[in-house]
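Notes to accompany the following structure.
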Amino acid sequence: MKFLKIMEAEFHQDSSKSWVGPLPFRLPRQRLPNNKKQAQDRLNSLRCTLEKRPQMKAHFLEFMANMFGKGHAETAPPMKSGQECWYLPLFGVYHPKKPDKIRVVFDSSAQFEGVSLNEVLLTGPDLNNGLVGLLMRFRKEQVAITADTEHMFHCFVVREDHRDFLRFLWYRNNDPASDIVEYRMRVHLFGNSPSPAVAIYGLRRAAKEAETNYGSDARSLVDREFYIDDVLKSFNTEEEAISVLGRAQKMLAASNIKLHKVTSNRPRVIKAFPPEDCSKDVGNLDLFTDELPTQRSLGLSWNMCTDAFTFQIANDQKPFTRRGVLSAVNSLYDPLGFLAPVTVRGKLILRKLTVQADEWDAPLPKDMELDWTTWKESLQDLQELHIPRPYAPFSTAGAKTRELCVFGDASVTAIAAVAYIKMTSHEGQTEVGFIFGKTKLAPQPGHTIARLELCAAVLAVEIAELIVAEIDVAFDNITYYTDSKVVLGYIHNQSRRFYVSVHNRVQRIHQSPCLGQWKYVRTDLNPADIGSRSVSPALLNSTTWLTGPAFLKDALMHPPKLEETYDLINPVLDSEVRPEVTTSLTCVTRNVVHPQRFERFSKYITLVTAVARLIHVACSFSRSVNDKCHRWHICHPTVEELTKAKVCIVKSVQYESYAEELKCLRSGSNISSSSSLWKLHPVVGEEGLLRIGGRIHHSSLSSDEAHPIIIPGRHHLATLLIHHHHQAVKHQGRHFTEGAVRAAGFWLVGAKRSISSVLFKCVTCQKLRGKTEHQQMSDLPAERLQVAPPFTYVDVDVFGPWEASRRTRGGHSNSKRWAVMFSCMCTRAVHIKVIETMSAGSFINALRRFFAIRGPAKQIWSDCGTNFVGASRELQMKTTDSSGNNVEKYLSTQNCTWVFNPPHASHMGGAWERMIGIARRILDYLLLEQKKSSLTHEVLVTLMAEVTAVINARPLIPVSSDPESPLILTPAILLTLKTGSTPPPPGNFEEADLFKEQWKQVQSLADTFWSRWRKEYLKTLQFRHKWQSKRPNLQEGDIVLLKDNQAQRNEWPMATISKTFPGRDGLVRKIEVEISKDKTKRIFSRPVTEVVLLLSPKTDSC
């Protein structure tokens, strides 16, 4: 690591024998700004705090005086121009158990302009010894000692050119009444992120350099038995303890590092050291109290008089919230798991409470407060618990035999494992000692009991690995115990395979370096069962959790002889066991793959790769066992293997399709003239493949160019090749694709037909260039072919708008106007009304005026109101305003029905769309003739009346040149019952002569209109002008491309036809499509002319 390389290169001793180390900066790093102003502001704030708290002020000044007195800080020299530096703000903290002693912290994490000192420094690796392992070794022997390093961080000097990064502001002569002076630290300080790693590295470096003078056991004490600045060690004899600790003191003192606060469970060891080097409190000692987090209130204590561990339980009142409960549960300091059966109950309560609360500081439900309070108050019983520090009354290292026994168990709520050391002395005395225990809550959602028991077995293996790695004791044997025969069957299984969860855990157990024998134990004899089910603190000392089961110590109480092998329990019904797989060996007589298997592939390159991998695996069986490519495996095929695969594929296809031709060519005879290859003059190439013959064999062309490989055009391989090369030419036409296939060295028999067939079904090509669907033009509706009064069957559409002006009190204002055209489906007459808005109310008024003049209609046809929607958007109206609910309600009162055409189907309303086109052209001329800059509402209504008159006067049939048929058939004849505006014939007529036969004249004109309408007009509607032939109907489930005129073609959405609507002739012209986008489904109604068919699963074969 970069940190260690920096330390190894630059760590050295100065003239005073102190170790000097640099600040390990990151490279590259940001240049630090000058933050002196920030330090000044923080000092002013600190001064205000100290003035309010006199006791804290006295402690702070005492600490600073002590620091200056020991030379840990010095007056900073003046800064040079452009020199980089950093100022550290100060603040003080108290340890909860040391209220009279303050620790001044230099705030290296304070940010200024987005950067802090700690951000540009390397933190370094965690060089600390494991706390659990340290405590395990502390319990091995009878004589125990502890010691502490005085001001460990301050024992290591900072390189001089790095000290300007540790500047700080303080009062001259440590007097707050004096002026502020710049100082800088000479030593590594508490607050810098790399200080712990620097201190531990320096401590071990000092021990390494002095090992030859003070012994390897003293160096081992420094390297292995320190946790930060505390040392814990147990020895077999008092003499060994005094000797090793004394030499370690001198070893560190040679580097100006003081080891003091020595204490032991043996008075002789304490007396062997000067009083100033011994701990002040030799009655009870809190382990690691200097390093515990400030919030921890429950700590593991060592009573040196009884040489036992005890627990101090503080009755702190935490709020009944998620934060308070979590703080109370985690504050129980139990690194070795003595109290694991007790703490698991608190964790379970915490889990239940957190499910019912989202906020950390929100009050928890009152119905759970009683359980929590009962458990928390029961912890006071732990103060009566005394656990012997040593594992046994004799030396662990000197025992005759040592066995590690690990138990595991699980319940629906928790998983537990506990380990014991079983030792036998040379005198035959057997003792069992608790080493380590651990409990975990069962995962949620709940697993099966078998899985949980297997998780407990894995936890037991992990605990064994931890103990073997940390305790520094060689075990003669390791034995694992579980009360689940299902788990034992899993572990001893050699014949069946498991699903992933069980397989991974069983593999974890088998791959453990701490292999041991697995045995069965009854649940009542399994101490891990206590941890998985929890126990109250008052009953913990009476269980076997701390002492282990009796049969470990007393051979007479050993359970009956245990089974040596364990089989799977009912593997057929076990959901974790995979079904048995039967492997069959198939012998083939041909040396090629049957081409029928190729139909399972949809891509040519995938087929070639699969065959190449089979060739690679087949060849690997003949290789050495040590070769990494041996037997079944997956490797990326080489170019040679891909070439072999292509030859194998083509050869198998040719053997199937051209067996007779190959037989004739190999026998030297001519192939039959009825063969499809007769004109190609095929030859058999070097690889045994059929190739094109011909007369250019001696040309300079390559073999693939002069003699392409023959592929049957109707075979699936030909389809794969066409797809492959069609994609290579970016989905261009048949000419491009055929050229790419030929350039690749293949000759497709019947290539043009085969390629055209594939391209016709290509979905991508349909997306890019496919034509929209159409169907044979349908028959005219019966309403257009009936003799009925004018405007009985009406087409309706809206067109416009036009700007119309009106006078106001302040001048003129403009507003929009639209026109509603009512077109008679039978007589083709029109009636136009002007409307002021596109609302349903305005349209109803126009409809009422129309009915008042022309009479009620039986049926109205329209184009689904697309003009209403467009106008409502332009006017920013709500879509509900353009709905037809109010219109339909009005029509129902008039005994009239409304038929809507599908959206985007303007061709279905061609009859009235043509009328609107005519009306627009006439109106354009009339507006041009007006030659006015503004158009009023009155003028617009007048112009629309004239437009109506002109349209209704148009001929319905071609004008005849027969002089005997002068009457022109127009809609106006039936509407006005007049033939035109011709002048009256000459002569004198009386009034009686004009009116006596008028009803006969009117009837004659009506009869003439309908007679000629039947004989001449209806015949003009007979022919279909486009869409002459019938097309296959679209079906439900077809995949289509939905046309969108407002988007580019490559952005048109894909849709699925959800419903079809066949007409009276059985042909589908209207469909419903379903589009899925962003997990939302939408359904649209469309004519078939608005979709492009991409894929029809019911008819397409590929």
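Every read-out reported here was derived from the displayed coordinates using simple, explicitly stated rules and does not represent laboratory data. All figures in this text were calculated on a predicted structure; none of them were measured in a lab. Cβ sites come from the backbone with ideal geometry, for glycine too, and all protein chains shown count toward neighbours.
General observations
- Contact order normalised by residue count of segment 602-731, Cα under 8 Å, 6+ apart, percent: 22
- Neighbour counts of other Cβ atoms within 10 Å put I853, I1071 in the fewest-to-most order I853, I1071.
- Among L721, Y183, L252 the positive-end extreme of the charge dipole of the chain (Cβ point charges): L721
- Among 184-195, 439-450, 382-393, the peptide with the highest mean count of other Cβ atoms within 10 Å heads the list, and the full ranking is 184-195, 382-393, 439-450.
- Calculated [θ] (222 nm, deg cm²/dmol) that DSSP helices of n ≥ 4 give over the chain, each run adding -39,500 (n - 2.57): -10500 deg cm²/dmol
- Set of lysines with alpha-carbon distance to K366 below 16 Å, sequence-local pairs under 8 removed: K318, K352, K376
- Kyte-Doolittle mean at least -1.0, axial Cα span of 20 Å or more - DSSP H helices of the chain: 54-69, 195-209, 238-253, 340-355, 449-470, 604-620, 639-657, 840-854, 910-930, 937-952, 998-1012
- Selected from V650, S676, I605, residue furthest toward positive end of dipole (segment 602-698; charges at beta carbon): I605
- Ranked by the mean number of other Cβ atoms within 10 Å of their residues, highest first, the peptides 415-428, 154-167, 212-225, 763-776 come out as 415-428, 154-167, 212-225, 763-776.
- Long-range amide H partners of W747 with built H, under 5 Å: I709, I710, I711
- Dividing the alpha-carbon radius of gyration of the chain by the rule-of-thumb value 2.2 N^0.38 Å gives 1.58.
- C-alpha center-to-center spacing [segment 39-74, segment 804-858] in angstrom: 91
- Protection proxy ranking, highest mean first, for peptides 791-803, 234-246: 791-803, 234-246, where packing is the per-residue count of other beta-carbon atoms within 10 Å, averaged.
- Listed by chain and number, the lysines placed with their C-alpha closer than 30 angstrom to that of K261 are K17, K57, K70, K97, K98, K101, K140, K208, K233, K250, K271, K280; residues fewer than eight positions away on the same chain are left out.
- As a rough footprinting exposure proxy, the listed residues V325, V412 were ranked by other beta carbons within 10 Å of their own, and the order from fewest upward is V412, V325.
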